[in-house]
1. Among the residues of segment 80-128, what is the count of those that are of a type in the set (A, V, I, L, M) and under 15 Å from Val151 (Cα atoms)?
2. Would you pick out the residues in segment 83-105 that are farther than 27 Å from Ile124 by Cα and crowded, with 19+ Cβ neighbours inside 10 Å?
3. Mind counting the residues in segment 95-131 that are closer than 17 Å to Asn171 by Cα and not small (Gly, Ala, Ser)?
4. Of the residues Ala131, Ala88, Ala143, which is at negative phi and out of contact with any Gly (no Cβ under 8 Å at 6 or more places or on another chain)?
5. Do the conditions hold for Ile124, that is, is it under 17 Å from Val75 (Cβ atoms), modelled with pLDDT of 95 or more and either under 15 Å from the mean Cα position of the chain (by Cα) or assigned to a helix (DSSP H, G or I) (or both)?
6. Which condition breaks for Val145 when tested against (1) over 12 Å from the mean Cα position of the chain (by Cα); (2) touching a residue at least 24 places away in the same chain (Cβ under 8 Å)?
7. Those residues that are hydroxyl-bearing (Ser, Thr, Tyr) and in a strand (DSSP E or B), I need them from segment 147-180; list them, please.
8. Quick one: how many residues across segment 106-123 are under 10 Å from Tyr153 (Cα atoms) and crowded, with 23+ Cβ neighbours inside 10 Å?
Amino acid sequence: MIALKHGLIPALVLALAGCAGSGSMTDDGGDGFDYGDGTTSGDDARSSGYADDGFMSGDEFGDSAAPGGVLENRVIYFGYDKADVDDAGQVLLGEHGRYMAEHPDLQVRLEGHGDERGSREYNIGLGERRAQAVRQILLLRGATVSQLSTVSYGEERPAALGSDEEAWSLNRRVEIIYNR
C-alpha cells in the first residue's frame, strides 16, 4: 500500500487530465464562494488566481504535500460527459478526506468544470454534478458538511485553450481549493 500511495498515485494523477470554468451555481444559493473578506468567487478581483487570497499552497500541508505528495494533487479529472470518480480519484479523495478529518477548521471549495462541448447551461449542471460527486466521497472519507462548499463554472474557466481532446480532457475537472 505504501508503494501505491507514494509511487502510483502521483503518476496516475499526472497521467489524467482536467478542466476549468466560471461560477454560477453554489450549494448555498449565493453568487459564489465567500472569501471572508467581503468578496466572493464572482468578484473580478478574485478571478485571476488564488495567490494571497487565503488559500493554501502545497507547502502548507506538510509531508503529504511535499513535491510528489498526495495532497499536492488537488484536481480530479473526468471522462467525457461523466460525473463519476475513477479509482485514482477515489484514492486521492480518500487522502484529502482524512486530512480534512484531522483538520476540522479547514474550509474547502470544490470547483466543478466542463469542456466547451454542450450548451452553457448543460455544462454548468455537469460541473455541479462533478463537484457534488467529489463532495460525497470527501464526506464518506471524513470531511464534514460544514467544511465543504461547491461551485460550478461549467465551461467558463478552461484550464487549457483549444478544441481538441487534449484541451477538453484538461477542462473536465473538479479543483479542490483549501481555505486557511
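1. The number of residues fulfilling the criteria is 5.
2. Tyr99
3. Residues that pass the stated criteria total 15.
4. Ala88 is the lone residue from the list that is at negative phi and out of contact with any Gly (no Cβ under 8 Å at 6 or more places or on another chain).
5. It is false that Ile124 is under 17 Å from Val75 (Cβ atoms), modelled with pLDDT of 95 or more and either under 15 Å from the mean Cα position of the chain (by Cα) or assigned to a helix (DSSP H, G or I) (or both).
6. (2)
7. Selection gives Ser149, Thr150, Ser152, Tyr153, Tyr178.
8. Residues meeting the conditions: 5.
The values are calculated or read from the model by the stated rules, or taken from the named source; none is laboratory data. Quick caveat: nothing in here was measured; it's all calculated off a predicted structure. Backbone-built Cβ (ideal geometry, glycine too); neighbour counts: all protein chains shown.
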